[in-house]
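Participant: Take a look at this one; I'll ask things after.
The values are calculated or read from the model by the stated rules, or taken from the named source; none is laboratory data. The model shown is predicted, which means the values in this text are computed figures rather than measured ones. So basically every Cβ, Gly included, is an ideal-geometry build from the backbone, and we count neighbours across all protein chains shown. Note: areas computed on protein heavy atoms with side chains; ligands, DNA, RNA excluded. Shrake-Rupley method; radii C 1.70, N 1.55, O 1.52, S 1.80 Å.
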Amino acid sequence: MFDTLALASLPPEDEALRPAIRELVARAVADMPVDRRARSWQGFDAAFSRRLGQAGFLGLNLPKRYGGQERGPFARFVVVEELLSAGAPVAGHWIADRQSAPLICNYGTEAQRAFYIPRICKGEALFCIGMSEPGSGSDLASVRTRAEKTATGWLLNGQKIWTTNSLHSDYMIALLRTSGKPEDRHAGLSQLIVDLRLPGVTIRPIVDLTGDAHFAEVFFENVELADDALIGREGEGWKQVTAELAFERSGPERIYSSVVLLDAWVRHLRETGRADDATLAMVGGFTARLATLRAMSIACTARLALGESPVVEASLVKDLGTHFEQELPVAIGDDLAGHPDEPASTELYRTLLYVTQVAPSFSLRGGTREILRGIIARGLGLR
Ligand SMILES: Cc1cc2nc3c(=O)[nH]c(=O)nc-3n(C[C@H](O)[C@H](O)[C@H](O)COP(=O)(O)OP(=O)(O)OC[C@H]3O[C@@H](n4cnc5c(N)ncnc54)[C@H](O)[C@@H]3O)c2cc1C
């Protein structure tokens, strides 16, 4: 397994994207307080997402005939890294660009590709993921929400939960039971595109610890979907969802969630002039870990570039990456508490407070730590 995490570097033609995206992002975040930037992929700004689309930074891996850029995964790595390290508000396009468009491209009909993908590439069609339900999180195969076949399409009833960005989205790609019973597990599941403006859809926000409502409960009551809502073949949903989760877990985003806080703390150290050995060792330790995680993430991207699906390697990066992201606010909080006489800005404290409150979710979203470790154990032949 570790052979596949061999060192890899970013190709110069993809690295060349960096100055343009960096400039665009710098302009977008110039007037944003640091604690707002720390929200990053929970930060919603539809106009910014459209601007990225216009500049050609969305749909980087998608075919040109649908409005994409037809570049490899390294191009997306560079763009995502610049967006997240500056704390740009990326929630508007994130899920559509990362997951929904590749899924539709791989499994959708020609009509679905032609309808949805160009709008995703322009940042104009916003998507959310409807997988989790009350009682079906890690055990996703037990979903109960049902789409019954009718003469004209599908009749949808049930509930989804924790649906990130559903309040702002146009569409949900939902994992639904289309035949059989929940006990049938992987058989009888399908993915359908649900237009969230249809009658019978109710979206109720869930407020998190920080006071934000970035996810919601979504209820379906006799929602009528047309025949062409189905992605791929009926009953093939499990295979598709597994492939989709590989997109979700293998991106570089699993190491950058606390990086705006790290940056703000290092700026604070520079401003106060604190450079004793213990502080320098702490900064060096964080930097070394971030550099190692980044190299591992690039190695995963190299597997994607070869057309492989690095499920085990991506789980390893997500587990170690979220560990790092969760340790940062604790260590920085302890450090500031250990220097009570040092002047620190309220912006730094607000950022610390936000990241501390949101950090527990880092190892839940996209698959919990225990589930990822199960995947890693299987990859090592231990299960
Ligand atoms: C910020 C955030 C955003 C999210 N966004 C979305 C979204 O957009 N769309 C969506 O569909 N879902 C979303 N989720 C839901 C997320 O995917 C689920 O919360 C996650 O899969 C865990 O499911 P659960 O909450 O039902 O917990 P459970 O599955 O009930 O797990 C509870 C605990 O038991 C452990 N556990 C469960 N099974 C096992 C096992 N077999 N072996 C060992 N331990 C086990 C888990 O690791 C966990 O610690 C989001 C969650 C968060 C926190």
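Participant: Open to solvent by 30 Å² or more (accessible area, probe 1.4 Å), over 30 Å from Tyr107 (Cβ atoms) and not aliphatic (A, V, I, L, M): is that true of Arg37 in this structure?
Facilitator: Working: open to solvent by 30 Å² or more (accessible area, probe 1.4 Å): yes; over 30 Å from Tyr107 (Cβ atoms): yes; not aliphatic (A, V, I, L, M): yes.
Here the answer is yes, as Arg37 does meet what is asked.
Participant: Right, next: Which pairs turn up if I take residues in segment 121-140 that are under 17 Å from Arg177 (Cα atoms) and in contact (Cβ under 8 Å) with a residue 60 or more places away in the chain and look for partners that are among the charged types (D, E, K, R) and surrounded by fewer than 17 Cβ atoms within 10 Å (Cβ to Cβ) with beta carbon separation below 9 Å, at least 6 apart in sequence or on another chain?
Facilitator: Ser138/Glu370
Participant: Got a sec? Which of Gly158, Gly180, Gly188 is open to solvent by less than 50 Å² (accessible area, probe 1.4 Å) and without any contact (Cβ under 8 Å) to a residue 40 or more places away in the chain? I'd like the intermediate steps shown before the answer.
Facilitator: Working: Gly158 fails: without any contact (Cβ under 8 Å) to a residue 40 or more places away in the chain; Gly188 fails: without any contact (Cβ under 8 Å) to a residue 40 or more places away in the chain.
Criteria check complete, one pass: Gly180.
Participant: On to the next question. Check Ala47, Ala28 and return the single one that is small (Gly, Ala, Ser) and either touching a helix residue (DSSP H, G or I) at 6+ places or on another chain (Cβ under 8 Å) or over 20 Å from Ile95 (Cβ atoms) (or both).
Facilitator: On the way: Ala47 fails: either touching a helix residue (DSSP H, G or I) at 6+ places or on another chain (Cβ under 8 Å) or over 20 Å from Ile95 (Cβ atoms) (or both).
After applying the criteria, what remains is Ala28.
Participant: Does at least one position in segment 123-140 carry a residue that is over 25 Å from Phe362 (Cα atoms) and either touching a strand residue (DSSP E or B) at 6+ places or on another chain (Cβ under 9 Å) or charged (D, E, K, R) (or both)?
Facilitator: yes
Participant: Could you give me the residue pairs with C-beta distances under 7 Å whose first residue belongs to segment 228-241 and is open to solvent by 80 Å² or more (accessible area, probe 1.4 Å) and modelled with pLDDT of 95 or more, whose second residue is assigned to a helix (DSSP H, G or I) and not basic (Lys, Arg) wherever it lies, and which are 6+ apart or on separate chains?
Facilitator: Close Cβ pairs satisfying both conditions: Asp228/Ala111; Asp228/Gln112.
Participant: Same structure, new question: Select from segment 130-176 the residues that are among the hydrophobic types (A, V, I, L, M, F, W, C) and within 15 Å of Pro205 (Cα to Cα) and write down the one among them that is nearest to the chain's Cα centre (by Cα). Before the answer, list the steps.
Facilitator: First, the residues of segment 130-176 that are among the hydrophobic types (A, V, I, L, M, F, W, C): 131, 140-141, 143, 147, 151, 154-156, 161-162, 167, 172-176.
Narrowing the set further to residues that are within 15 Å of Pro205 (Cα to Cα) leaves 161-162, 167.
On the way: Ile161: 17, Trp162: 14, Leu167: 17 Å.
Checked segment 130-176; the qualifying residue nearest to the chain's Cα centre (by Cα) is Trp162.
Participant: Right, something else. Take the residues in segment 114-129 that are within 19 Å of Arg76 (Cβ to Cβ), surrounded by fewer than 20 Cβ atoms within 10 Å (Cβ to Cβ) and more than 19 Å from the chain's Cα centre (by Cα), then tell me which one is nearest to the ligand (Cβ to nearest atom).
Facilitator: Applying the filter and picking the extreme gives Arg119.
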